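*Asks:* This is the structure I have questions about; it appears just below.
Please treat every number below as a calculation from the coordinates, not as lab data. On a predicted model such as this, the values are computed, not experimentally measured, just so you know. Note: ideal-geometry Cβ built from the backbone for every residue, glycine included; neighbour counts use all protein chains shown.
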Amino acid sequence: MELSAGHARELAKQAARKEALRSECLEALEGVERIVFEAGCGHGHWLTAYAEAHPEQCCVGIDLIAHRIRKGQEKCAKRNLPNLHFFKAELGEFLEILPPAVRFEMTILLFPDPWPKARHHRRRMVQTAFLDVLAERTNSGGRFCFRSDDRPYYDWTVEHLEAHPDWEIESDGAWPYEMETYFQSLMDSFDSVVARRR
Ligand SMILES: C[S@@+](CC[C@H](N)C(=O)[O-])C[C@H]1O[C@@H](n2cnc3c(N)ncnc32)[C@H](O)[C@@H]1O
């Protein structure tokens, strides 16, 4: 089937963007084997504080929005944290281009967009396919940590984790590190779930 000129241009742009991201990651993460990964990190408040408190771990945050990532990078430079990296990237594209040798010791989703309408649920970050890819990247014992103010999204995540053969919800589910994010500061209440890779 022939592609329209517009579609072909879009594919070329996407390929160029992924290639640029791949080079950026290869350079920044040279020799790195394990990361703490935050998807949708916003301004990077949580990950910056976590990286400062855990200098032995390599921390990587991504977000779609460039100025949020710039804020994270500024925090990183100000505090001089060589173990912290922020990339402007879309989650699916990032997971595609990340060098296969990089493993996730912990993945964090803090207040991801809830997409409350049923017809938008397919846009939620938590999907079976996403949990599959995370499981491939995570060794046994690695963790997936999710927090949301949106109860239906929390329930959706618990259901997806319970149905997934590679993840087991931790009954005591201690949150790995408390530090209020921008979105958390706006919320009256929230729920958290922590799962372990079988
Ligand atoms: C509600 S905000 C939460 C930000 C931050 N975690 C916090 O708690 O303050 C959700 C963030 O996810 C980002 N985001 C949404 N979809 C994304 C995707 N597919 N890939 C990367 N980032 C995404 C948005 O740009 C936004 O910054």
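*Asks:* Please report the antiparallel percentage of DSSP beta bridges with both residues in the stretch 41-198, rounded to the nearest 5.
*Replies:* On the way: 9 of 19 bridges.
Close to 45 percent.
*Asks:* Name the residue, out of 56, 105, 90, whose mean-square fluctuation peaks in a Gaussian network model built on the chain with Cα pairs under 10 Å.
*Replies:* 56
*Asks:* Add -39500 (n - 2.57) for each DSSP H run of 4 or more in the chain, then divide by its residues: what number comes out at 222 nm, to the nearest 500 deg cm²/dmol?
*Replies:* Working: 7 runs with 82 residues, N = 198.
Estimated from H runs of four or more residues: -13000 deg cm²/dmol.
*Asks:* On to the next question. Relative contact order for the chain using alpha-carbon pairs under 8 Å, separation at least 6, rounded to a whole percent? Mind dumping the intermediate values first?
*Replies:* Working: 309 pairs, mean separation 39.9, N = 198.
Relative contact order comes out at 20 percent.
*Asks:* May I ask you to list the GluC sites (Glu not before Pro) in the stretch 164-198 that are in a DSSP loop and have at most 16 other Cβ atoms within 10 Å of their Cβ? Don't skip to the answer; put the middle values down first.
*Replies:* Numbers: sites: 168, 170, 178, 180; in loops: 170, 178, 180.
Sites meeting the loop and neighbour criteria: 170, 178, 180.
*Asks:* For the stretch 1-84, take N as its residue count and report Rg(C-alpha) divided by 2.2 N^0.38 Å. Could the numbers behind the result be given before it?
*Replies:* Values: Rg = 16.0 Å, N = 84, 2.2 N^0.38 = 11.8 Å.
Here the Cα radius of gyration is 1.35 times the empirical estimate.
*Asks:* Grab the alpha carbons of the chain, take their convex hull, and tell me the volume per residue in Å³.
*Replies:* 148
*Asks:* While we're here: Charges at C-beta only: +1 for Lys and Arg, -1 for Asp and Glu. How large is the resulting dipole of the chain about its Cα centre, in Debye rounded to 20?
*Replies:* Values: 26 positive and 32 negative charges, 123 e Å.
The dipole magnitude comes to about 600 debye.
*Asks:* Just for the Cα atoms in the stretch 56-167, what are the lengths along the principal axes, largest first, rounded to whole Å?
*Replies:* Result, largest extent first: 41, 31, 23 Å.
*Asks:* Moving to a separate point now. If one computes the Cα centroid of the stretch 96-132 and of the stretch 42-90, what distance in Å separates the two points?
*Replies:* Result: 18 Å between the Cα centres.
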